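Data block below; observations after.
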Amino acid sequence: MPLHQPDVLIMGGGVIGLTTALCLADKGLSISLLDRQSTGQEASWAGAGMLPPGNLQNATTPEARLRSYSHSLWAGFSQRLLEQTGIDNGYRVCGAVNVFNKDEGNLLMAQSQAWTDEGVRFHLLTSNEAIQYVPDLNPAFESTVYLPDFAQVRNPRHLQALRAACLQKGVEIIEHVSEVNLVAADNRILQARLPNRILSFATLCVTAGSWSTSILQSLGVEIPVRPIRGQIVQLQLNKLPFNCVIEHGRQYLVPRQDGLILVGSTQEDVGFEKKNTAEGIAQLLEFAVSLVPTLRHAEVVRCWSGLRPASPDELPTLGAVPGLSNVFVGAGHFRSGLQMSPGTAAILADVICGSETVVSMEGLAADRF
Ligand SMILES: Cc1cc2nc3c(=O)[nH]c(=O)nc-3n(C[C@H](O)[C@H](O)[C@H](O)COP(=O)(O)OP(=O)(O)OC[C@H]3O[C@@H](n4cnc5c(N)ncnc54)[C@H](O)[C@@H]3O)c2cc1C
């Protein structure tokens, strides 16, 4: 059987695996990336592409550090992908309006304090100011806040750009491989035996989203990541009624410049069942129309669902896998894997190369479970 010897084998080609592959290829390593289907078809495709802001200087929690670090990378990374591949990933700073009803005063205070402490720019809006951003906003909301640095990306386009950039940098992408036998010796994983070839590598990196746990279990390691379903409905209007993201708690509206509006999202602990339900869609449509009543005229274009990879503490797990000397993991990004992907990949690439990471990995390492 043919033998190929990459420096690193990456298992899982979502946004985390593809971005990590690119970062490692940038460092001069030879990379093979394996997916059991086409790359970029799971959570990374299904997501809404919201990129909340951060401020690395004042970030004190593991979540804030990774979000802020990623925030500092997004604009430059998008430009680099455009120059390298000619694919525009649709990154744009669109701002976000967050709305709070009258029972959510405490939440508003806590959130405002967190933004202030971190140095994230936000403005409390008067009702007159709010309707300048969202003319048809339901006036029942007590308070509205504007975040000018909130951005978004067209994630399916971003995945295409990542894939193209990886191929240009010599990353070997091996797709539609469901049968893989990982061969171990002592505390190392040495080979992946595929039906028609053998990959022999120095390092294995598992970035398989919600499926990471089962791959790692097959290596005798327990790192908990479970799927949490999110449904999205896509609407369309001839003219967008607002240009910024609108968030109410964990639900949101994301306008795309071509008139599409994403309504998201549900959060359901239903295992690996990826489907849309009548209840989920009804809930999202009710939310959308109650927030911006003009949306009752919108065309329903389609709906989809995806499986967010969730750790028990809702934080990603990054770095060395305990007990295996050449295995690394990047998984469990839950609701923030798109936003956190540039920072995650930079950190993983540094850890794999034995370099110091730009931000501390405290609170994110795999041995915390
Ligand atoms: C509805 C919804 C809305 C979201 N909105 C946002 C948002 O606005 N902003 C944000 O930052 N995040 C958002 N997210 C979260 C984000 O999408 C995820 O955190 C992120 O995509 C996870 O990326 P991943 O690469 O880890 O996993 P995935 O994208 O799921 O990729 C995992 C890959 O591993 C492959 N794989 C599985 N098993 C194997 C195997 N045995 N061998 C090889 N490959 C395998 C899969 O085929 C897949 O390609 C949203 C998610 C959903 C579902």
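The values are calculated or read from the model by the stated rules, or taken from the named source; none is laboratory data. Just so it is clear, the structure is predicted and the values come from calculations on it, not from any experiment. Here Cβ is always computed from backbone atoms with ideal geometry, including for glycine, and neighbour counts include all displayed protein chains. Accessible surface areas use protein heavy atoms only, side chains included; no ligands, DNA or RNA. Shrake-Rupley method; radii C 1.70, N 1.55, O 1.52, S 1.80 Å.
Worth pointing out:
- Counted over all Cα-Cα pairs of region 324-369, pairs farther apart than 13 Å make up 60 percent.
- Expected 222 nm ellipticity per residue - DSSP helices of 4 or more, -39500 (n - 2.57), all of the chain, to 500: -9000 deg cm²/dmol
- When restricted to Cα atoms, region 73-130 yields an Rg and a Dmax of 16.8, 49 Å, respectively.
- Probe 1.4 Å, accessible area per residue of region 230-369, Å²: 40
- Calculated FRET efficiency for the pair Val300/Arg197, C-beta based, R₀ 51 Å, to 0.05: 0.65
- Carbon plus sulfur fraction of accessible area for the chain, probe 1.4 Å, in percent: 49
- Cα centroid separation, region 144-202 to region 80-106: 25 Å.
- Based on the reciprocal of the average 1/r between different C-alpha atoms, the Kirkwood radius for region 45-182 equals 17.6 Å.
- Nearest-ten-degree value, helix 62-85 long axis tilted from longest Cα axis of the chain: 80
- Computed from the Cβ-Cβ distance with R0 of 22 Å, the FRET efficiency linking Asp186 to Arg368 stands at 0.35.
- Our summary gives the chain a relative contact order of 24 percent, counting only alpha carbon pairs under 8 angstrom and 6 or more residues apart.
- Cα convex hull volume per residue for region 4-64 (Å³): 120
- Calculated log₁₀ intensity ratio I(q)/I(0) where the Debye formula runs over C-alpha points of the chain, q = 0.13 Å⁻¹: -1.03
- Distance in nm between pseudo-label sites at Ser355 and Asp136 (7 Å out along the Cβ direction from Cα): 4.9
- For region 150-181, the residues whose amide N sits under 19 Å from a probe point set 7 Å from the Cα of Gln217 along the beta carbon direction are 178-181.
- For region 257-267, putting each phi into the Karplus relation 6.51 cos²θ - 1.76 cosθ + 1.60 with θ = phi - 60° gives couplings of 5, 8, x, 7, 9, 8, 10, x, 8, 7, 9 Hz, in residue order, rounded to whole numbers and with x for Gly and Pro.
- Nearby lysines by direct alpha-carbon distance to Lys169 (threshold 29 angstrom, same-chain neighbours under 8 apart not counted): Lys27
- Based on protein heavy atoms only, region 64-114 ends up with 47 Å² per residue of surface accessible to a 1.4 Å probe.
- Value of Rg/Rh across region 141-200 [Cα atoms, Kirkwood radius]: 1.30
- According to the calculation over all Cα-Cα pairs in region 201-273, the P(r) per 5 Å bin from zero is 3, 13, 16, 14, 11, 11, 11, 9, 7, 3, 1 %.
- Among 12-24, 328-340, the order from most to least packed when residues are scored by Cβ within 10 Å on average: 12-24, 328-340
- For region 231-339, convex hull volume per residue from C-alpha positions, Å³: 127
- Within-13-Å neighbourhood charge of Leu108 [Cβ basis; K, R +1; D, E -1]: -3
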